[in-house]
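The values are calculated or read from the model by the stated rules, or taken from the named source; none is laboratory data. None of these values were measured; they are calculated from a predicted model. FYI the Cβ positions are ideal-geometry reconstructions off the backbone, even for glycines, and counts take in every protein chain you see. Quick note on the areas: whole protein, heavy atoms, side chains included, nothing else; ligands and nucleic acids left out. Shrake-Rupley method; radii C 1.70, N 1.55, O 1.52, S 1.80 Å.
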Amino acid sequence: MTPAQLRKFDKYGLESVGDLLYLAPRRLGQWGQLTDLSNLVEEAEVTVIAQVVDAHTRSMRNRSGAIFTAVLSDGKTEITATFFGKHPRALAGHERALTPGSRHLFAGKVSQYRGKWQLTHPQYDAAEELSEAEAAKRAQKPFPIYPATAKLPSWVIARTIKTFLASLAPETLPEVVPNEYRQQAAKGSTWDALHALHDPKDVSQWHWARKRLAFDEALIAQAVLAQNRLAREEHPAPALLPKENGLFDSIVAHLPWELTSAQTRVIAEISQALESTTPLSRLLQGDVGSGKTVVALLAMARAIDAGKQAALLAPTEVLAAQHLRTLQNLLGDLAQGGTIFAQDGSVKLALLTGNLPMAQKRQVLADLASGQPMIVVGTHALLSEQVQLPNLGLAVVDEQHRFGVEQRDALTLKDGLRAHTLVMTATPIPRTVAMTVFGDLDVSILDAAPAQRAKVTTHLVSAENQKWVERIWERASEEIRNGGHVYVVCPRIDANDLSGEDNLQTLLASSGELAAVETVAAELAEQPALAGIDLVTLHGRMSSAEKNQAMADFKSGAKPLMVATSVIEVGVDDPQATMMVILDAQQFGLSALHQLRGRIGRGNRPGLCLAVYATTNAEISLQRLNAFAQTTDGFELAQADLELRAEGDVLGVEQSGHRSRLRFLSVRKDEEIISQAREVAGQIVAADPTLANYPDLRAAIESQLDEAERANLQKS
Ligand code: ADP
Ligand code: MG
């Protein structure tokens, strides 16, 4: 292939010619029996081999757009093929292909237009040198249809790939499933699968090919996870044995409420696993408000009872500070450890964040380095090199999705000693995704919330509807006068903000001005409906002192209106907060929206969430918002999210033109393939941990890891 030819394939994100082989056809087309054109009926599906006798493009008379027509003849009867486009340019591909005199196979549905037979947007395939008999044979075979563009019609892609495939020798193609494992699940070779994908004999062969290629992808993913599991188990963790009348027992005895049965079950699962020297590596999944914090505390108490340290890692300063207060509240008198009030069985608590005053920070670092049993709550600052945790027994990571695996390791693997790890997430993860993405973790699920939470109603409001938008601020004012607190969430900090808490998606998608905290706060201060109501702002660029002050003013009701970025997404807890206005809601992902909404209706008063969205041409954003408005159930939303996202996105791979790692495997539908691949990967890695005997599999893993690293680099 020439570079110019390859360049046409740019939009498919192909990085090498080899990638072309894995370009997934969208679907399979059927030509069908050749049709006799002299005997047509309206609406009939026809397949004909015909010659173009006349062709031209013109602009449409009554509306914008262009039309390309080609008069086709099978020698006896004429029929017109018609293609519509926004511009003549969009039709250039058809014009080039369907030149007068050329012969093609056409398939489509016939209709009548002004008394003449017509095929609108038929499929076609060059059939220059085919005899009638050959064409009839060709018409029997299905053909793959690729994601085509005007410049690059499907049949050109098909022809390019077929030519390329024919030029290859079988041994040049990687076979990631070792021969001896093919009998179990993945019958046949990748080589055969690629041929069947691009040039299938029949429909069932084509489906087989897709499944077989999906298995390759699943195996690569699962082999990585199996290696991770193995690597983790190489380093033993301290066994955290229960202590009679220790901290764990005291906490349980002093809790202000009964543990729910879900909490009791999960705590038992975790406690038992902590008694082993096999490092715990568990994902605790529970919707917003399901009561994960006390589970974390009790797990940490196990570490203290075993004479070890425990760390709780939070994604933001606000959340770290809040966790500390929550733990203090739950511990009550038991939180006096290390002070003169210390009573037996109490525990020392410390906070470590980047913004801590120097002297205080030094003290905490010294305490931690001394190895004395204590609980430390902190942000990323805990991961810094100056932090020594020589006696760490357990690390709890809150909101796991904010941290990478490497960060987890930085905390839990020091000097070859491994701490147990519990990661917590409120973002429900469907089973297949958990197996694929977090396949190296065990999973515990908190499936019941402590008490019925107050109901939160959600409405979508178009930003174009000025009346409604004004009404929002009146509503906010009523809410506040009734004793409620109101959040206003913006995607940006200020008009110049291109980083802050923005995610990449926000940056890419933002065409117009997005709501920014500083601007919105200034506007709301002038808003007549909100006269006399004091407001605070909260975002990631404020110092911790400022943030704490803002939170305190908001919670006390002194300043009951908060304009914030999505920093408040995780864990912020104000039972008085009853209303949330999300501005430019189309900018937020479904799980972020769900987390944000989780901030209201936490007390016994019902909540109101108003998602204000700017008109967007992304159909998907609207569908996302509709799903958001329809249910408050985290698991339902996670499922909707999964269905709305592209496969590649599910695994967190940026879709901005970059090739997705999964072309054939669907984490939505291929649960069986994933389980089988998990099984096979486990066997392969157990027999040959470094994959020395399986160079193709190893190479595939390495190239994927490289890719992931590149993706990470781009993000940071
Ligand atoms: P999560 O972190 O899972 O969103 P939290 O741990 O913050 O949830 O708990 C939510 C609220 O429920 C907190 O106010 C907490 O004190 C309360 N809570 C937790 N467990 C129970 C329980 N067993 N009974 C009553 N309230 C509980
Ligand atoms: Mg929480």
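Could you pull out every residue, at least 5 positions away or on a different chain, whose amide H is within less than 5 Å of the one on residue 275? Hs are placed 1.01 Å off N in the peptide plane, and Pro or chain starts have none.
Here the answer is 240, since their amide H atoms fall under 5 Å of that of residue 275.
Order these peptides, 73-82, 164-173, by their mean beta-carbon neighbour count within 10 angstrom, highest first.
73-82, 164-173
Which of the peptides 381-392, 305-316 is most tightly packed, and how do the rest follow, judged by the mean count of other Cβ atoms within 10 Å per residue?
305-316, 381-392
List the aspartates and glutamates whose alpha-carbon lies under 18 Å from that of residue 76, not counting same-chain residues fewer than 8 positions away?
Partners found: 36, 54, 132.
How many angstrom separate the Cα center of region 590-613 from the Cα center of region 534-551?
Using only Cα atoms, the two centres lie 20 Å from each other.
Which cross-chain or sequence-distant (5 or more) residues have an amide H under 5 Å from the amide H of residue 78, H modelled 1.01 Å from N in plane?
none
Order 134-143, 576-585 from most to least packed using the mean count of other Cβ atoms within 10 Å.
Top to bottom by mean Cβ count within 10 Å: 576-585, 134-143.
Would you check the accessible area of residue 56, probe 1.4 Å, heavy atoms only, in square angstrom rounded to 10?
Answer for residue 56: close to 90 Å² accessible.
In the structure shown, do any of 455/669; 455/555; 467/547 have a Cα-Cα gap over 30 Å, and if so which?
Checking Cα-Cα distances, 455/669; 467/547 exceed 30 Å.
Please sort by residue number the GluC sites (Glu not before Pro) in region 256-295 whose DSSP state is loop and whose Cβ has at most 14 other Cβ atoms within 10 Å.
Taking region 256-295 and a limit of 14 other Cβ atoms within 10 Å, the loop GluC sites (Glu not before Pro) found are 258, 275.
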